[in-house]
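Accompanying notes for the structure given below.
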Amino acid sequence: MVVAVEYISKEESADAESATHGVTGILAVQGAFAEHAAMLDRLGAPWKLLRAAEDFDDSIDRVILPGGESTTQGKLLHSTGLFEPIAAHIAAGKPVFGTCAGMILLAKKLDNDEHVYFGALDAVVRRNAYGRQLGSFAATADFGDIKDFPLVFIRGPFVVSVGDKATVETEVDGRIVGLRQGNIIATAFHPELTDDTRIHELFLGL
Amino acid sequence: MAQNRAELNRNLAQMLKGGVIMDVTTPEQARIAEDAGACAVMALERIPADIRAAGGVSRMSDPAMIKGIQAAVSIPVMAKVRIGHIAEARILQAIDIDYIDESEVLSPADDVYHIDKRQFDVPFVCGAKNLGEALRRIAEGAAMIRTKGEPGTGDVIQAVRHMRTMNKQIRELVGLRDDEVYEAAKQLAVPYDLAKYVHDNGRLPVVNFAAGGVATPADAALMMELGAEGVFVGSGIFKSGDPAKRAAAIVKATANWQDADLLAKLSENLGEAMVGINEDEIQTIMAARGE
């Protein structure tokens, strides 16, 4: 499902402008950030797009790292100056939710790429682990206590190994694709491309 | 093609949003593009400006050359086939391409029929000058749309015209009464269901990028302002004086297209832009290929 056209120019939800806390910042340098915004609108949660360092203000108390191209996002994270405030947010143990490229940005190590971005998630992740677009697929599996969640993988990664700090929440065909670590949720799949809001609700409850 | 596959293919285009897809002709150029932050590359033997200069029939690129680019970068790799060339498309699918561009930049193989893209597992992007063309391509199975622009000219006027035309026609369709959509579908020469989708949702059912003549950060920002969800840059980068710097600047401009202070900085000292040809100076109107 592609999101409504108003998301092309919408920078924040109506209730986010005056909010002093409780706003979800969505990294919006490249990728499917509007899909997360639409998801939060469905749940009535205030959100704000993070395009530049000054967008990260005191009202932000949780962060979403959306799908897209991790190489592109990684470069723009640094050139926009958004890397530092988001890294500080994660280091402070505040909630963060990474989907696909977001999981790659969170990982402490990639097994087929020398880059490390936030390095917060105690796991080794493989980029494009299922191959090119012909390897993209849909499946259904549990995310922890959330049963039968629809999983959409788009040139997705999977987790090669997990350290002591992270717990495995989702496995498909023997591959680890969903993790939690304190206030971090990381999925190799895209809940924002489905109609199922349960993982977003879990994230908003952190 | 399974419904599931069609949806997954539209989803990949969603992941490319807000990004820049760059034409590259060598693995070295592909790496420059990736390092600059391109969200995908388009592998082709000659960039549109050179295709235009060389004249003659232009065809799908050598698969060995495309594979070289696939091996060089980790981002998605797209490649072009001639309009209606089913066999070229099968070849690209066989080498595991991420997206096929059924493109007017190459010489059309068929002057009546486009490829039935629903018969393929890999996704297609197609060009469109207006809403009718976009919806006909989507009916045939295109998972992504781009404006046609006038490739290889460095002149953005046609991309602007196509984007404005398409979005104006979408707004007009949204404004109709429900019982007027049947006639609108007939006028647009598109299936009713797709006209109804646009009427109800105010947008195409797939992601829509700008393409053709984008040569500067300001051009990219202009296309985003006009409603593009991302930008293709063809000749504009590797026909310019400093490709790496220009590529990075266009990536940043596409991400932060509303920030004029940033655009001003990005536009400084980029070296020479591609020379370009004005719309009224060109001999071959590529955008007219395929309706």
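Per-structure values
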item	result
Segment B:120-163 and segment B:259-291: distance between their alpha carbon centers, rounded to Å	17 Å
Pairwise label distance in nanometres, A:Asn183 with B:Asp62, each label 7 Å out on the Cα-Cβ vector	5.6 nm
P(r) of chain B over all Cα-Cα pairs, binned every 5 Å from zero, in whole percent	1, 6, 13, 17, 20, 18, 13, 7, 4, 1, 0
Drop in accessible area of at least 20 Å² in the complex versus isolated chain, residues of segment B:35-54, 1.4 Å probe	B:Asp35, B:Gly37, B:Cys39
Of B:Gly213, B:Gly241, B:Gly132, the one that fluctuates the most in a GNM where chain B has Cα springs shorter than 10 Å	B:Gly241
Solvent-accessible area of A:Lys147 with every protein chain in place, 1.4 Å probe, in Å² to the nearest 10	110 Å²
Listed residues A:Val124, A:Val172, A:Val152, most fluctuating in chain A (Gaussian network, C-alpha, under 10 Å)	A:Val172
Cubic angstrom per residue, convex hull over Cα atoms of the protein assembly as shown	137 Å³
Length released on extending from B:Asp280 to B:Ala94, taking residue separation times 0.36 nm less the Cα-Cα span	63.0 nm
Mean accessible surface per residue for segment B:227-266, computed with a 1.4 Å probe while every protein chain stays in place, in Å²	32 Å²
Orientation-averaged projected area, Cα convex hull of chain A (nm²)	10.5 nm²
Candidate aspartates and glutamates - alpha carbon under 16 Å from A:Lys10, same-chain residues fewer than 8 apart omitted	A:Glu35, A:Asp41, A:Asp55, B:Glu225, B:Glu229, B:Asp259
A/B buried area, accessible surface, summed, 1.4 Å probe, Å²	3300 Å²
Using alpha carbons only: equivalent-ellipsoid semi-axes of segment A:71-118, gyration tensor based, whole Å	17, 14, 9
Whole-percent carbon and sulfur share, accessible surface of the protein assembly as shown, 1.4 Å	49 percent
Over segment B:212-291: Kirkwood hydrodynamic radius from C-alpha pairwise inverse distances, Å	13.3 Å
Pairwise Cα inverse-distance average, inverted: Kirkwood Rh of segment B:1-121 (Å)	14.9 Å
Built amide H within the under 5 Å cut-off of B:Met144, gap 5+	B:Phe124, B:Cys126
Residues of type lysines that B:Lys67 reaches as a straight line, Cα spacing below 24 Å, ignoring anything fewer than 8 places off in the same chain	B:Lys80, B:Lys117, B:Lys239
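The values are calculated or read from the model by the stated rules, or taken from the named source; none is laboratory data. Note that the structure is a prediction, hence the values are computed from the model and not measured. Cβ sites come from the backbone with ideal geometry, for glycine too, and all protein chains shown count toward neighbours. Heads up: the accessible areas ignore ligands, DNA and RNA and are worked out on the full protein's heavy atoms, side chains in. Shrake-Rupley method; radii C 1.70, N 1.55, O 1.52, S 1.80 Å.
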